[in-house]
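Participant: The structure is given below, and queries will be raised subsequently.
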Amino acid sequence: MVLDVTAKDSNGNELFKAEKKYFEIGVDTDRDMRYGAWQIKEIIDLTLPPMQTQKEQFLLNFDSDTEEVTIDVKLWYYINGKSGHVVHSVSETLEYEID
Amino acid sequence: MKRKSWLIALCFASLTVMFAPQSCFAEKLANTIDELVKMYDDTKCWECHTDQHDEWKTSFHSNPINSSLGGIRNFIMIGLAKEWNTPLTKAQILKCLDCHAPVVNFASEKLAVQIAEMIVTANDKKGTPEAEAVTKELAKLNVGCTACHNIKATATAQGLRGKAVHGKIYSASGYGNDEHDTVEAVELKRSIFCMQCHGIYSAPDGEKIQCNTLSGSYQDAYNNLGGTETCQDCHMKDNKHNFPGGHDKEIVAEGLGLNVQITQYRHLPGQVETAKNQKAWVPSAVVTAFVENKAGHRIPDG
């Protein structure tokens, strides 16, 4: 699962991109990362825990001549490495007074 | 001796009851897939319980070998053959199939090994008629009606209930009906029933298999923080048998909350190195996302 934050100017140029990944790392007893069910003996847990809300904050500084940006925040759910879909998304356009 | 003749009498007495005659042969192990599937014959259940069948058919429980083919193949060809340097036996392949196809517990040693070899063929010769044929055979092995309502039904409380009796049907209420012999096993509606297969597995020899770790999170995080809903509350609403999970966009959306707050401001001039004009205010924003997990366990799993 990925929380994806992007900002684009009015021409669609990307000004900012950041993401936070939620996933499990399975390791064998040597602590090498593994995929096989018979190899994995422990996990390192970077997932979203239940009964909780995680707060993720991002600071976006644009260039001094930026008049308009559109910020998109998307929560992607991946059923496997390849195929994912957006579960929730929020989009907002901001306008700035420039000097 | 006494016990034996009593059993034989019971077998004859129960010949009139639909499923009971099979219970006389429960100890026998099957030598072919067809024999095995017949031993735990779900097709009978489908005839009367069409709703449950149609729902179940859309769920991953209906095809749990072919949907995990590559992984199980790797266990056989890499895990057993190379890393462990251990012969392929029924006990070894059950380290996957005790969950992926519980009926294999009743396969003969020879058949269990044969099933494992079919898994390798289905994967390695994909696209050939040979692979197609074995894939079709493997599709007969699943987590079906009798896997849950018999084979695994009492396993979490065997001391109390004993082993599941072949031919009987276990349900949470155990309400009898004219069609079959139903036995109460209230654990079917408890989380522990699902956790047998949805969590870390201890094989009889002690080997730990971590195919998925979901029930650990259910117990240690969800229950621990006060969550009390069962797996069935969320995944079997109205006793429906389609078991929605990660492939169902609706339940995924229900399980995740996203609240975003975006605040706009201008950063002090001269503090943002990348800005073209170091004397100008810098257009800026702070994005705060609150991501909530409303499921009964970590997201994602595995």
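The values are calculated or read from the model by the stated rules, or taken from the named source; none is laboratory data. This one's a predicted model, so the numbers in the text were calculated from it and none came from an experiment. Every residue, glycine as well, gets a Cβ built from its backbone with ideal geometry; the counts of neighbours run over all protein chains shown. SASA here: full protein model, heavy atoms, side chains in, ligands and nucleic acids out. Shrake-Rupley method; radii C 1.70, N 1.55, O 1.52, S 1.80 Å.
Participant: What dipole magnitude, in Debye to the nearest 20, does segment A:2-95 give about its Cα centre under +1 on Lys/Arg Cβ and -1 on Asp/Glu Cβ?
Facilitator: Magnitude of the dipole: close to 600 debye.
Participant: If the cut-off is 16 Å between C-alpha atoms, which aspartates and glutamates fall inside it for residue B:189, apart from same-chain ones fewer than 8 positions away?
Facilitator: Reachable aspartates and glutamates: B:229, B:233, B:238.
Participant: Per residue of A:66-77, how many C-beta atoms from partner chains lie within 10 Å of its own C-beta, taken as a mean?
Facilitator: Mean inter-chain Cβ contacts per residue within 10 Å come to 4.
Participant: For segment A:2-95, with all protein chains present and a 1.4 Å probe, just round the carbon and sulfur fraction of the accessible area to a whole percent.
Facilitator: Carbon and sulfur: 43 percent of the exposed surface of segment A:2-95.
Participant: So if I take the centroid of the Cα atoms in segment B:181-215 and the same for segment B:81-109, what is the distance between those two points in Å?
Facilitator: Here the answer is 17 Å between Cα centres.
Participant: Just check chain B against the gyration tensor rule for me: Cα atoms, a ≥ b ≥ c as the square roots of the eigenvalues, rounded for a/c under 1.5, and otherwise prolate or oblate depending on whether a/b exceeds b/c.
Facilitator: Taking the square roots of the gyration eigenvalues as a ≥ b ≥ c, chain B is prolate.
Participant: Below 8 Å between Cα atoms, with a sequence gap of 6+, how large is the relative contact order for chain B in percent?
Facilitator: RCO, chain B: 15 percent.
Participant: A follow-up question, please. Highest mean first, how do B:99-107, A:75-83, B:165-173 rank when packing is the count of other Cβ atoms within 10 Å averaged over residues?
Facilitator: So the order, starting with the most tightly packed, is B:99-107, B:165-173, A:75-83.
Participant: Something else about it: Apply 1/(1 + (r/R0)^6) to the Cβ-Cβ distance of residue B:192 and residue A:59, taking R0 = 56 Å, and write down the FRET efficiency to the nearest 0.05.
Facilitator: 0.75
Participant: Relative contact order for segment B:91-228: what is it in percent, counting Cα pairs under 8 Å that are at least 6 residues apart?
Facilitator: In percent, rounded to a whole number, it is 14.
Participant: For segment B:126-219, what class follows from the C-alpha gyration tensor (a ≥ b ≥ c being the square roots of its eigenvalues): rounded when a/c is under 1.5, otherwise prolate if a/b is larger than b/c, else oblate?
Facilitator: oblate
Participant: Then there's this: Kindly provide the helix-only [θ] at 222 nm of chain B, computed as the sum of -39,500 (n - 2.57) over DSSP H runs of four or more divided by all residues, to the nearest 500 deg cm²/dmol?
Facilitator: So the calculated ellipticity at 222 nm is -9000 deg cm²/dmol.
Participant: Heavy atoms of the protein only, probe of 1.4 Å, neighbouring chains included. What is the accessible area of residue B:236 in Å², nearest 10?
Facilitator: Approximately 40 Å² for this residue.
Participant: Taking the Cα centre of the protein assembly as shown as origin, work out the dipole magnitude from +1 charges on Lys and Arg Cβ and -1 charges on Asp and Glu Cβ, in debye rounded to 20.
Facilitator: Approximately 1740 debye in magnitude.
Participant: So, counting K/R as plus one and D/E as minus one, what does the shell of residues with Cβ under 14 Å around residue B:216 add up to?
Facilitator: -2
Participant: Also: Which order do the peptides A:6-12, A:65-71 take when ranked by the mean count of other beta-carbon atoms within 10 Å per residue, highest first?
Facilitator: My ranking of the peptides, most packed first, is A:65-71, A:6-12.
Participant: A further question on this structure: Can you find, among A:69, A:91, A:22, the residue sitting farthest towards the positive end of the charge dipole of segment A:2-95, where Lys and Arg contribute +1 and Asp and Glu -1 at Cβ?
Facilitator: It is A:22.
Participant: Another question, then. Let me confirm one metric for peptide B:247-254, namely the mean number of other chain beta-carbon atoms within 10 Å of its residues' beta-carbons.
Facilitator: Mean partner shielding for this stretch: 2.
Participant: Taking only C-alpha pairs under 8 Å that are 6+ residues apart, what is the relative contact order of segment A:2-95 in percent?
Facilitator: Once divided by the residue count of segment A:2-95, the mean separation gives 29 percent.
Participant: Considering only Cα-Cα distances, which of the following residue pairs are longer than 31 Å: A:41/A:82; A:20/B:249; B:44/B:237; B:126/B:294; B:136/B:294; B:82/B:163?
Facilitator: B:126/B:294; B:136/B:294; B:82/B:163
Participant: Excluding same-chain residues fewer than 8 positions from residue B:125, which aspartates and glutamates have a Cα within less than 20 Å of its Cα?
Facilitator: B:117, B:137
Participant: Continuing with the same structure: I'd like the accessible area for residue B:276, computed on protein heavy atoms only with a 1.4 Å probe and all protein chains in place. Round to 10 Å², please.
Facilitator: Its accessible surface works out to 140 Å², give or take rounding.
Participant: Radius of gyration and Dmax for segment A:2-95's Cα atoms, expressed in Å?
Facilitator: Cα only, segment A:2-95: 17.7, 56 Å (Rg, Dmax).
Participant: Per-residue Cβ counts within 10 Å, from other chains only, averaged over A:27-36: what number is that?
Facilitator: Per residue, the number of nearby Cβ atoms from other chains is 2 on average.
Participant: In the protein assembly as shown, if the dipole is taken from +1 on Lys/Arg beta carbons and -1 on Asp/Glu beta carbons about the Cα centre, which of B:288, B:225, B:200 is farthest to the positive end?
Facilitator: Farthest along the dipole direction, towards plus: B:200.
Participant: Could you compute how much accessible surface residue A:34 exposes when probed at 1.4 Å, giving the result in Å² to the nearest 10?
Facilitator: Counting only protein heavy atoms, residue A:34 exposes about 80 Å² to solvent.
Participant: Same structure, new question: On a 0 to 90 degree scale, rounded to 10, what angle separates helix B:2-13 from the longest Cα axis of chain B?
Facilitator: Helix B:2-13 and the main axis of chain B meet at about 80 degrees.
Participant: Could you tell me what a quarter of the Cα convex hull surface of the protein assembly as shown works out to, in nm² with one decimal place?
Facilitator: Average of the hull's projected areas for the protein assembly as shown equals 25.9 nm².
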